[in-house]
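Have a look at the structure below, then the notes.
The values are calculated or read from the model by the stated rules, or taken from the named source; none is laboratory data. The structure presented is a predicted model; accordingly, all values stated were derived computationally and were not measured. No Cβ is skipped: glycine too gets one built from the backbone with ideal geometry, and neighbour counts run over all protein chains shown.
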Amino acid sequence: MTVPVQLKQLRREFGSTTALSGLDLDIAAGELVALLGPSGCGKTTALRIIAGFESADSGELLMDGQDVTDVPAHRRDIGMVFQSYSLFPNMTAAENVSYGLRVRGASAAERTSRAHELLELVGLPGREGAYPHQLSGGQQQRVALARALAVRPKVLLLDEPLSALDAKVRLNLREEIRRIQLELGITTVFVTHDQEEALSMADRVAVMKDGRLEQCAAPSELYDRPATPFVAEFVGTMNRLPAVMSDGSTVELLGRRLPAHGEREFAAGTAVDVLLRPEGLAVAGPDAEGEPATVRVATFLGPTTRLLLTTESGTAVKADLPSRDAGALAPGSRCTIRPHDKSVLVAEVESEQT
Amino acid sequence: MARLNTRAPVLTVAALYFLVPIAASLWFTIDDTDGISFEAYTKGLGSEGLITSLTLSVGIGLATVVLGLLLMVPTMVAVALRLPKLRRTVETLCMMPLVVPPIALVAGVTSVLAWQQDLAATPLYGTFQALINPDFPLILVIVYTVMSLPFLYRSLDAGLRAVDLRVLVEASRSLGASRVQSLWQVVAPNLRQAVMGGAVLSLAMVLGEYSVASVLGFRPFAVWMVEAGDSEAQLSVAAAMLSLLFTWGLLLLLTALAGGRTRTSRTPRTSRTPRTQRKTS
């Protein structure tokens, strides 16, 4: 069974700090939504409210259209995976996986077969008898996932499940979690501070800041069309380049006039910042058309090379270009840069301190 | 290698420190003018007062452990799960008995027990009578419980730190377990070792405690032993040897009970293997 989850105007304060200030989020049945944001943005609080470990000061939580705001954690039918594995150290892998069934009074035979089935699903067949301390971190987290899924929950909650693992294991398990989630079609909420994780796994990514939703969109949209400067700079790499508004809807950037969009309108002649991805700039030889610049650092990243450049006015700019074109652009060499002819995101000029 | 070289002398010195007095006591009990005799032991086992005082000590010891655990386990679990801010306060309170010497404690207890005369006409008189009943002085259980708080605290605290109880309880709640089920099926098994450790330490403390019982005028094993020593030194030392064996047996039994299925992830086996390998190579 797969159900939609709705968060409506959730508010939560801890003393004087506001963890959630009116969070609205609609999660469709079977969807995997990642809550992404810097620490303290309220993503974990939101997840814990869905789990029932925290209660909201106000607002509503709906599962399958039913208000579950006041339903205690153990009657919510959720499965949860924690950052710190959280396997019961006194139980074997199989006992851990079947614990939820034991609590529900399932027969021993059913528990055994379900534990077997789920350990197979998470890629640990034959490890039924292993105790948590005999398993690696990645294996423990697989068992934790199996345990969460064993009770056939309506919603699966993942609280930074990969952040305690090695890079390689993390990558592996992340694909595995997505495969299983798609296979079971279970509504899933995933909390992470790792944007790569969020972008690669989720159907939609909800970027949070200061207890509020900044933008919730598919990864590609989030990357290509960030709604706010915060999202733009939090997700992926961004250049913040000084520019001047030509009129209400165009901006003058590096000698070029480009259509502009943003959170608010700016009057003609206003100094603004343009947020531009490194791949949004074309780099060419010193004689080509564009703003002259000097290459400071060239970092080889495989298929692309990232250049750190300085324009004549002293602005630092990052630009990505295919590695095969980067050969001539050694540090110290002169070149020109030119933004691609696309609408750019404009924002207020950021003060020096920040 | 350097570590092995320093380890052997240290262990030898430690072993000598413990074994020499025991060996000397053993020699003292069996050394007779006509050679070796086990008379002190045979006499000791049959001597008047030994069994009664030993039973009393074990009874008081077990009651102390039960009372102490009933007091400390729920407190510590509640602090770990719900009231982490109170941890310092609980720790300070539990460590107090280490700072207050037992003699000072007894002085206080004695003056409280002296109220008895003023209460002769009230129902509280019966309570006082029960407290100082020489067959099973409850006052000793109470005083020993206070004295065992540091042992219980340290042991339970170590057990609680080894597992993230909060997350474990949340995990079990999310899987559908009620609070009671979580406490019984998840918290309790993971504290078993710590509980047993604390129980063993408290029990050992009670079995060897002399000053409080002696000042209050009761006659558990330690007091009996000292009294017996006044008249028959050999008998007293023989009893001490027997009590040593008895206590060891008891501790081994409790440790065996604590083992069983309980495993904690604190020290994965793998961390131990390299050391043994080093030794053999």
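Filtering A:151, A:122 for residues that are touching a residue at least 24 places away in the same chain (Cβ under 8 Å), closer than 18 Å to residue B:170 by Cβ and assigned by TED's automatic domain parsing to the domain that holds residue A:51 leaves a single hit, A:151. Considering (1) more than 28 Å from residue B:184 (Cα to Cα); (2) touching a residue at least 60 places away in the same chain (Cβ under 8 Å), the lone condition that residue B:133 does not fulfil carries the number (2). The set of residues in the range A:80-92 being at pLDDT 90 or above and either over 24 Å from residue B:190 (Cα atoms) or more than 7 Å from every other protein chain (Cβ to nearest Cβ) (or both) consists of A:81, A:87, A:91, A:92. The residues in the range A:93-140 that are closer than 25 Å to residue A:169 by Cα, aliphatic (A, V, I, L, M) and either touching a Ser or Thr at 6+ places or on another chain (Cβ under 7 Å) or more than 11 Å from every other protein chain (Cβ to nearest Cβ) (or both) can be counted, and the count is 9. Considered as a group, the residues in the range A:145-161 that are closer than 12 Å to residue A:121 by Cα and of a type in the set (A, V, I, L, M, F, W, C) include one that is nearest to the other protein chains (Cβ to nearest Cβ), and that residue is A:150. Note on the range A:132-154: residues that are within 20 Å of residue A:103 (Cα to Cα) and surrounded by fewer than 21 Cβ atoms within 10 Å (Cβ to Cβ) total 2. If you check A:146, A:130, A:94 for being part of a helix (DSSP H, G or I), touching a residue at least 12 places away in the same chain (Cβ under 8 Å) and over 31 Å from the mean Cα position of the chain (by Cα), only one passes: A:94. Of all residues in the range A:271-300, those that are free of Cβ contacts under 8 Å to residues at least 24 places away in the same chain have Cβ atoms under 7 Å from Cβ atoms of residues that are surrounded by 17 or more Cβ atoms within 10 Å (Cβ to Cβ), 6 or more apart or on another chain, in A:299/A:305; A:299/A:306. Of all the numbered requirements in (1) under 22 Å from the mean Cα position of the chain (by Cα); (2) over 23 Å from residue B:181 (Cβ atoms); (3) outside any loop (DSSP other than H, G, I, E, B), residue A:80 misses one, and that requirement is (2). When you check residue B:174 against the structure, is it within 14 Å of chain A (Cβ to nearest Cβ) and at pLDDT 75 or above, yes or no? Criteria met by residue B:174. Among the residues here, residue B:158 qualifies as under 22 Å from residue B:81 (Cβ atoms), free of Cβ contacts under 8 Å to residues at least 40 places away in the same chain and surrounded by fewer than 21 Cβ atoms within 10 Å (Cβ to Cβ). Counting only residues that are surrounded by 17 or more Cβ atoms within 10 Å (Cβ to Cβ) and either modelled with pLDDT under 90 or out of contact with any Cys (no Cβ under 8 Å at 6 or more places or on another chain) (or both), the range A:16-52 holds 23 of them.
For the range A:302-320, the criterion of being assigned to a strand (DSSP E or B) and touching a Gly at 6+ places or on another chain (Cβ under 8 Å) is met by none of the residues. Only one of the numbered conditions (1) more than 14 Å from chain B (Cβ to nearest Cβ); (2) charged (D, E, K, R); (3) closer than 30 Å to residue A:172 by Cα; (4) surrounded by fewer than 21 Cβ atoms within 10 Å (Cβ to Cβ) is violated by residue A:70, and that is (3). Just one of (1) surrounded by fewer than 20 Cβ atoms within 10 Å (Cβ to Cβ); (2) closer than 24 Å to residue A:208 by Cα; (3) in contact (Cβ under 8 Å) with a residue 24 or more places away in the chain fails for residue A:171. It is (3). Of the residues making up the range A:16-43, those that are among the β-branched types (Val, Ile, Thr) and within 21 Å of residue A:219 (Cβ to Cβ) are A:27, A:33. Residues of the range A:211-229 that are surrounded by fewer than 20 Cβ atoms within 10 Å (Cβ to Cβ) and under 15 Å from residue A:345 (Cα atoms): A:221, A:223, A:224, A:225, A:227, A:228.
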